[in-house]
Amino acid sequence: MLRATNIDSLSRGTFDVLVLGAGINGAVAAAALAARGAKVALIDRGDFAGFTSQESSNLAWGGIKYMESFEFPLVRKLCVSRNLLLRSYPSTVQEIRFYTAHERGFRHGLFKLFLGTWLYWIIGSFFTKIPRLLSRRTIAREEPIIDLEGCDGGFEYSDAYLVDNDARFVWGFVRSALDHGARAANYVESLGARRDGDAWLTRARDVLSGRELTVRSRVLVNACGPFVDAHNALTGQRTSHRHIFSKGIHLIVERLTTSRRVLTFFADDGRLFFVIPMGSRTCIGTTDTRVERPHTEVTAEDRRFVLSNINKRLRLPRPLTEADIIAERCGVRPLAVQEGGGAADWLQLSRKHVIEVDRQQGHVSVFGGKLTDCINVGDEICAAVQELGVALPRPAQRWYGEPGERARDAFFEEARRLELDALTPPRSSEPLSARLWRRYGAEALELLEAIQRDPRMADALIEGVDDLRCEVAHAARREMIAKLDDFLRRRTKISLLVRREELARSPGLREACRILFGDEADLRLEEYFQGSPGTAHADSACGRECYSASGFTP
Ligand SMILES: Cc1cc2nc3c(=O)[nH]c(=O)nc-3n(C[C@H](O)[C@H](O)[C@H](O)COP(=O)(O)OP(=O)(O)OC[C@H]3O[C@@H](n4cnc5c(N)ncnc54)[C@H](O)[C@@H]3O)c2cc1C
């Protein structure tokens, strides 16, 4: 088993770099460093992308809201990052229109905001479709679901979104790090680290077996997201930045509109508020509340806020209620602030990332960040690690992006020959070949071979979702699934699309479990339905108290 083999090799030899945390920041760090020839280890105490990076709005956006605070260099940087993602991941990150209704009396007038979208478009190098001013009549025709009362028109501009989901996107980087020889393992926690001569000794624990091990590395990259400060406290790192936390939630409901657009409103608190397409469902949110700790949950008040905002702005056959919620997501944005600084203007606080390097100790801390900016983060961590004396044998190696045209053409040619798209499940919103290519890239050919060998491999296994038997088998072999939630929530988004009660009754899920876990199928099912929904972090992790309880001091 891949995980067990990787854990065994963690305590052998000295790694150039040990990356702690496999959210987006840790995953890109490992992918970039491994592709450029470093000997890399990556551990996460939960599943890959099991904390913040599974709770985002799934948008790759150029930061239009920072125009309001005149942070044009940041907007430019984010637009360039967004454009790079659009170019590098044509099937995974796609342009999408943001369709915005404007309420009379809002703090900025309609025309001023529309001009803002033009400026945004120009700052974004005209990379996307041109913005458009919308009359009330146009909105009524194109999106009749929008309630026009109090609305004096609107505008439409472009940004991008992750077609699958954030956690799957992160997994792509972990997969790529593994393909370049990195040793990565989920459910392995760092209990602390100390410097020993010119190396770090990190004490780690396999959360599933309780086994402890020591990982030796020349450089330590702390990419623990909201837990960066807590881990730095364990290693005695002093930094000039720290994190504060902003909680955000999303609710997933039945599809509200068939158009593939993000409907955008200004919520009662003045923030942008989205209705985002999610396959056969719609995802609505988000919120922005300052909290003191990384572990949060959706409260009754959060639900009320989101539902009342949406009910006020859409003309639905009947108002949405809690009973319409299929699934929920909740996380904290780790925001980097200068040590000693606070959040004078909370809603305006920007989401820049900061990478701090301790040259003497060979330590890197990653603060803040966004999925959108991930390629910059990967490149900057490579530069930091080189600065710490680790030579990267292939410093110019490109480490991101979907496979090139030749691989793509070969896959689609083969898919055509096999008439794969004829097997697309009837409810699916896209042809099967497009979905398999996006999710598996060059590995999609293996799935075609599996279907050719055994046509049953093309059966949709779990009621209500598109995933095929061959995809479950592939996940079992290649995607380091240790718990059922890893599969249902992060390698796929099944648990966001299907209600928990329906999953509990699903014979298809039982069969999927047998493929994923063999003899342990019943155990994993039971573990999943006993836990609270979507909590890779709840079972693996603890808060700050835990660090002081389990950490070891140098
Ligand atoms: C509601 C919401 C909406 C958002 N929307 C967007 C968006 O649309 N677009 C966008 O670009 N960004 C968005 N973001 C921001 C983005 O999701 C985050 O900035 C990003 O996911 C943070 O990634 P990370 O790797 O720093 O942290 P995380 O994903 O939290 O990863 C840190 C990892 O470290 C692990 N860890 C912690 N301690 C240890 C330890 N001791 N040993 C081993 N592992 C450890 C954790 O288990 C965790 O998996 C949003 C965030 C939120 C909360």
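The values are calculated or read from the model by the stated rules, or taken from the named source; none is laboratory data. Bear in mind the structure is a predicted one, so any value in this text is a computation, not a measurement. Neighbour counts run over all protein chains shown; Cβ positions are idealised from the backbone, glycine included. Note: accessible area is taken over every heavy atom of the protein model, side chains too, but ligands, DNA and RNA are not part of it. Shrake-Rupley method; radii C 1.70, N 1.55, O 1.52, S 1.80 Å.
If we keep just the residues of region 285-299 that are modelled with pLDDT of 95 or more and closer than 20 Å to Asn311 by Cβ, which is least open to solvent (accessible area, probe 1.4 Å)?
Within region 285-299, the subset modelled with pLDDT of 95 or more is 291-299.
Next, only the ones that are closer than 20 Å to Asn311 by Cβ stay: 298-299.
Numbers: Val298: 22, Thr299: 55 Å².
Looking at residues that are modelled with pLDDT of 95 or more and closer than 20 Å to Asn311 by Cβ, I get Val298.
Where residues in region 238-262 are more than 10 Å from the ligand (Cβ to nearest atom) and under 19 Å from the mean Cα position of the chain (by Cα), which of them is nearest to Ala60 (Cα to Cα)? Give the derivation first.
To start, the set of residues in region 238-262 that are more than 10 Å from the ligand (Cβ to nearest atom) comprises 238-242, 244, 251-262.
So of that shortlist, the ones also under 19 Å from the mean Cα position of the chain (by Cα) come out as 251-252, 262.
Working: Leu251: 19, Ile252: 19, Val262: 12 Å.
Selected residue: Val262.
Quick one: is Ala512 at pLDDT 95 or above, of a type outside the set (Lys, Arg), open to solvent by 20 Å² or more (accessible area, probe 1.4 Å) and part of a helix (DSSP H, G or I)? Steps first, answer last, please.
Details: at pLDDT 95 or above: yes; of a type outside the set (Lys, Arg): yes; open to solvent by 20 Å² or more (accessible area, probe 1.4 Å): no; part of a helix (DSSP H, G or I): yes.
No.
Do we have any residue at all in region 52-69 that's open to solvent by 30 Å² or more (accessible area, probe 1.4 Å), at pLDDT below 95, farther than 17 Å from Val163 by Cα and among the hydrophobic types (A, V, I, L, M, F, W, C)? Before you say what the answer is, go through the steps one by one.
First pass over region 52-69, keeping only residues open to solvent by 30 Å² or more (accessible area, probe 1.4 Å): 52, 61, 65, 68-69.
In the following step, the residues that additionally are at pLDDT below 95 were identified as 61, 65, 68-69.
Of the ones still in play, those that are also farther than 17 Å from Val163 by Cα are 65, 68-69.
Next cut, among the hydrophobic types (A, V, I, L, M, F, W, C) only: none.
No.
Looking at region 32-59, which of its residues are within 6 Å of the ligand (Cβ to nearest atom) and assigned to a strand (DSSP E or B)?
Once the filter is applied, which keeps residues that are within 6 Å of the ligand (Cβ to nearest atom) and assigned to a strand (DSSP E or B), region 32-59 yields Ile43, Leu59.
Scan region 409-416 and give yes if some residue there is part of a loop (DSSP other than H, G, I, E, B) and open to solvent by 30 Å² or more (accessible area, probe 1.4 Å), otherwise no.
Going through region 409-416, the residues part of a loop (DSSP other than H, G, I, E, B) turn out to be none.
No: zero hits.
Please identify the pairs in which a residue from region 220-233 that is in contact (Cβ under 8 Å) with a residue 40 or more places away in the chain has its Cβ atom under 7 Å from the Cβ atom of a residue that is more than 8 Å from the ligand (Cβ to nearest atom) and small (Gly, Ala, Ser), counting only partners at least 6 apart or on another chain.
Leu220/Ala193; Leu220/Gly362; Val221/Ala29; Asn222/Ser365; Ala223/Ala29; Val228/Ser365; Asn232/Ser365
Can you name every residue in region 383-408 that is over 24 Å from Thr92 (Cα atoms), open to solvent by less than 70 Å² (accessible area, probe 1.4 Å) and not β-branched (Val, Ile, Thr)?
Ala383, Ala384, Leu388, Gly389, Leu392
Which of the residues that make up region 90-134 are of a type in the set (S, T, N, Q), part of a loop (DSSP other than H, G, I, E, B) and open to solvent by 30 Å² or more (accessible area, probe 1.4 Å)? Before the answer, list the steps.
Taking region 90-134 as the starting set, the residues that turn out to be of a type in the set (S, T, N, Q) are 91-92, 94, 100, 117, 125, 128.
When the remaining residues are screened for being part of a loop (DSSP other than H, G, I, E, B), the result is 91-92, 125, 128.
Matches in region 90-134: Ser125 only.
Pairs only if they're at least six apart or on different chains, beta carbon under 7 angstrom, first in region 133-160 and in contact (Cβ under 8 Å) with a residue 40 or more places away in the chain and among the aromatic types (Phe, Trp, Tyr), second assigned to a strand (DSSP E or B) and open to solvent by 10 Å² or more (accessible area, probe 1.4 Å); list them, first residue then second.
Filtered contacts from region 133-160: Phe155/Arg132; Phe155/Leu133.
What is the residue count in region 309-326 for residues that are open to solvent by less than 50 Å² (accessible area, probe 1.4 Å) and assigned to a loop (DSSP other than H, G, I, E, B)? Even if it seems obvious, please write down each step before you answer.
Residues of region 309-326 that are open to solvent by less than 50 Å² (accessible area, probe 1.4 Å), as a first pass: 309-311, 313-314, 316, 320, 324-326.
Pick out the ones that are also assigned to a loop (DSSP other than H, G, I, E, B) and you get 316, 320, 325-326.
Of the residues in that region, 4 qualify.
If I ask for residues that are among the small types (Gly, Ala, Ser), part of a loop (DSSP other than H, G, I, E, B) and in contact with a strand residue (DSSP E or B) (Cβ under 6 Å, 6 or more places away or on another chain), which ones from region 232-285 would you list? Give the steps one after another, and end with the answer.
If we filter region 232-285 for residues that are among the small types (Gly, Ala, Ser), which is where we start, we get 233, 236, 240, 246, 248, 259, 267, 270, 279-280, 285.
If we keep only those that are part of a loop (DSSP other than H, G, I, E, B) as well, we get 236, 240, 259, 267, 270, 279-280.
Result: Ala267, single match.
If I go through region 481-505 residue by residue, how many of them are open to solvent by 10 Å² or more (accessible area, probe 1.4 Å) and part of a loop (DSSP other than H, G, I, E, B)?
Of the residues in region 481-505, the ones open to solvent by 10 Å² or more (accessible area, probe 1.4 Å) are 481-483, 485, 493, 495, 497, 499-502, 504-505.
Those left that are additionally part of a loop (DSSP other than H, G, I, E, B): 481-483, 493, 499.
Within region 481-505, residues that are open to solvent by 10 Å² or more (accessible area, probe 1.4 Å) and part of a loop (DSSP other than H, G, I, E, B) number 5.
Mind listing whichever residues of region 485-503 are among the β-branched types (Val, Ile, Thr) and under 14 Å from Asp164 (Cβ atoms)? It would help to see each step written out before you state the result.
If we filter region 485-503 for residues that are among the β-branched types (Val, Ile, Thr), which is where we start, we get 492, 494, 498.
If the condition is that a residue be among the β-branched types (Val, Ile, Thr) and under 14 Å from Asp164 (Cβ atoms), then Thr492, Ile494 are the ones that fit.
Please determine whether any residue of region 120-127 is free of Cβ contacts under 8 Å to residues at least 60 places away in the same chain and in contact with a Pro (Cβ under 8 Å, 6 or more places away or on another chain). Talk me through it step by step, then tell me what you get.
Keep residues of region 120-127 that are free of Cβ contacts under 8 Å to residues at least 60 places away in the same chain, which gives 120-122, 125-127.
Subsequent filtering for residues that are in contact with a Pro (Cβ under 8 Å, 6 or more places away or on another chain) retains 120-121.
Yes: one or more hits.
Give the number of residues within region 402-449 that are of a type in the set (Phe, Trp, Tyr) and without any contact (Cβ under 8 Å) to a residue 12 or more places away in the chain.
Residues of region 402-449 of a type in the set (Phe, Trp, Tyr): 411-412, 437, 440.
Of the ones still in play, those that are also without any contact (Cβ under 8 Å) to a residue 12 or more places away in the chain are none.
Of the residues in region 402-449, 0 are of a type in the set (Phe, Trp, Tyr) and without any contact (Cβ under 8 Å) to a residue 12 or more places away in the chain.
Among the residues of region 357-382, what is the count of those that are assigned to a helix (DSSP H, G or I), closer than 19 Å to Thr235 by Cβ and more than 12 Å from the ligand (Cβ to nearest atom)?
We begin by selecting, within region 357-382, every residue assigned to a helix (DSSP H, G or I); these are 371-382.
Of the ones still in play, those that are also closer than 19 Å to Thr235 by Cβ are 381.
Now drop any that are not more than 12 Å from the ligand (Cβ to nearest atom), which leaves none.
Count: 0.
Only residues that are crowded, with 23+ Cβ neighbours inside 10 Å, in a loop (DSSP other than H, G, I, E, B) and more than 11 Å from the ligand (Cβ to nearest atom): list them for region 166-204, please.
Hit for region 166-204 is Ala182, nothing else.
In region 452-472, what count of residues is obtained for those that are hydrophobic (A, V, I, L, M, F, W, C) and open to solvent by 20 Å² or more (accessible area, probe 1.4 Å)? Show your work before the answer.
Going through region 452-472, the residues hydrophobic (A, V, I, L, M, F, W, C) turn out to be 457-458, 460-462, 465, 468, 470, 472.
Next, only the ones that are open to solvent by 20 Å² or more (accessible area, probe 1.4 Å) stay: 457, 460.
Number of matching residues: 2.
Mind checking which residues of region 286-308 are of a type in the set (Lys, Arg) and either without any contact (Cβ under 8 Å) to a residue 24 or more places away in the chain or part of a strand (DSSP E or B) (or both)?
Step one: of region 286-308, the residues of a type in the set (Lys, Arg) are 290, 293, 303-304.
Listed by number, the residues that qualify are Arg290, Arg304.
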